[in-house]
Amino acid sequence: MTVAVPGSIAALPRVVGASLRVPLVTGERVEYANLDHAASAPCLEQVRDAVDELLPWYASVHRGAGFASQVSTKVYEQARDSVRRFLGARTGDTVVFTRNTTDALNLLARSLPRKTAVVLFDTEHHAALLPWRGPHVRRLRTPGSAGEAVLELDRALRAAPVGPRLVVVTGASNVTGEVWPVAELAAVARRHGARIALDAAQLAPHRPVDLRALDVDYAVLSGHKVYAPFGAGVLVGRADWLQAAEPYLVGGGATARVSDRGDRLGVAWTAVPERHEAGSPNVVGVHALAVACDVLGRHWEQTAAHERELLARLRAGLATVPGTCELALFGPEHDRVGVVSFVVRGQDAGFLAAALSAEHGIGVRDGAFCAHVAVHRLAEGQRALRASLGLGTTVEHVDRLVAALRSLVVEGPRWEYEVVDGRWTPADDRRPLPPFLR
């Protein structure tokens, strides 16, 4: 099902829960304003329908003789083609299904040749920042501009030791939404004989990602960021390092043959991608991810127009709220996706997030967004608020957030709040839980 875009005959895909109504502490119910898409996007209706269609046929993937197993196996393997198209993969690139972006990056980190020099910026999400450890890792400080990022990478690679090299970069910041100069960074990597891995978790829900056009060696993303919240992610890229590495996990599916050699077991591993997909595959999650990729790939023009309108409205509205300061790496005019983080002088971010939820039915994120270095530097040690847009966002949601923030800052809250287990929460909170939680 689709929904019309204002001012256009085109249509946007619909998400599950678009008409969800949530309780307020005042006793009212309002439509939920989900402005936390950067954490997890809601499920596309097409994805939900595709999962429902698959479930009666669900069975073991690979090695099953039953007809349902053959159907599930075909669904699983066809999903690789959908993801390959979505990311513009090259002939010969492998598609390895994982649990999420974090899993995919840890898999890549475990697959690097010995003594690979890794270069990355310290403003990365923890999923891209933490898997690379040891003396061969160089972390670059937050650049002041996109051009400075390119120059800093060039200097770092000039100083890197001879041998295999890998650059790790985000496509769009999960803190500021700013789009990184991926193609330019890839060109620098090529000049120095380095490979480049793209964390596309925040970019892929908003913009097309083309490995060939960007000249990127690897890309990773999560299904739950691209409207397919069923526990699947993916690593796509060059097969040679992955083929040469020991399996990320060991067990069924990763083994071609296991033999008893007395005091030890003899093991022959399968080739990629199965080499790194041990265990029973998540065929439901993988199918959901593939359907989401197909749907998003057909609606980029409409998605971009929808987001541009709402992002401009959000940023203009936040600028009118007293004491609000938007966070930025490269400056206010730099290209960005629908993610805005900000601080409000004199206000605790956790308190504001709790009041926005309890009194106005608005969901935003507060804290450091699993990018502590970036947020602490940009927000000067404060916790921040993040509002992120997506297919389920409406003009009313954006306007409600701006009006609610202004009311909280100027007039104060209408309810009493207390800190419980380190989090702000409404005192005497009687909002009823949904029936399945009672």
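The values are calculated or read from the model by the stated rules, or taken from the named source; none is laboratory data. No experiment lies behind these values; they were computed from the predicted model shown. With ideal geometry, Cβ positions are generated from the backbone for all residues, glycine too; neighbour counts draw on all protein chains shown. What goes into the accessible areas is simple: the full protein's heavy atoms, side chains included, and nothing from ligands, DNA or RNA. Shrake-Rupley method; radii C 1.70, N 1.55, O 1.52, S 1.80 Å.
Descriptive notes on the structure:
- Search result, residues across segment 13-63 that are part of a strand (DSSP E or B), under 21 Å from ASN100 (Cα atoms) and not aliphatic (A, V, I, L, M): ASP36
- The single residue among THR123, THR94 that is closer than 25 Å to GLN243 by Cβ, open to solvent by less than 20 Å² (accessible area, probe 1.4 Å), touching a residue at least 12 places away in the same chain (Cβ under 8 Å) and among the hydroxyl-bearing types (Ser, Thr, Tyr) turns out to be THR94.
- Count - residues of segment 219-262 that are open to solvent by 30 Å² or more (accessible area, probe 1.4 Å), in contact with an Asp or Glu (Cβ under 9 Å, 6 or more places away or on another chain) and closer than 21 Å to HIS125 by Cβ: 1
- Checking VAL398, VAL340, VAL373 one by one, the residue that is β-branched (Val, Ile, Thr) and in contact with a strand residue (DSSP E or B) (Cβ under 7 Å, 6 or more places away or on another chain) is VAL340 and no other.
- Where helices (runs of 4 or more DSSP H) sit wholly within segment 319-438, those with at least 3 residues that are among the β-branched types (Val, Ile, Thr) and open to solvent by 30 Å² or more (accessible area, probe 1.4 Å) occupy 395-410.
- Residue check for LEU249: modelled with pLDDT of 95 or more and farther than 24 Å from VAL71 by Cβ: no
- The sole residue among VAL168, VAL188 that is open to solvent by less than 20 Å² (accessible area, probe 1.4 Å), β-branched (Val, Ile, Thr) and either in contact with a strand residue (DSSP E or B) (Cβ under 7 Å, 6 or more places away or on another chain) or modelled with pLDDT under 95 (or both) is VAL168.
- Boolean, THR142 is more than 22 Å from GLN243 (Cβ to Cβ), open to solvent by 30 Å² or more (accessible area, probe 1.4 Å) and touching a residue at least 40 places away in the same chain (Cβ under 8 Å): yes
- Positions within segment 126-139 being surrounded by fewer than 19 Cβ atoms within 10 Å (Cβ to Cβ) and out of contact with any helix residue (DSSP H, G or I) (no Cβ under 6 Å at 6 or more places or on another chain), in sequence order: HIS126, LEU130, ARG133, GLY134, PRO135, VAL137, ARG139
- Hits in segment 106-136 - residues which are β-branched (Val, Ile, Thr), closer than 23 Å to LEU378 by Cβ and more than 18 Å from the chain's Cα centre (by Cα): VAL119
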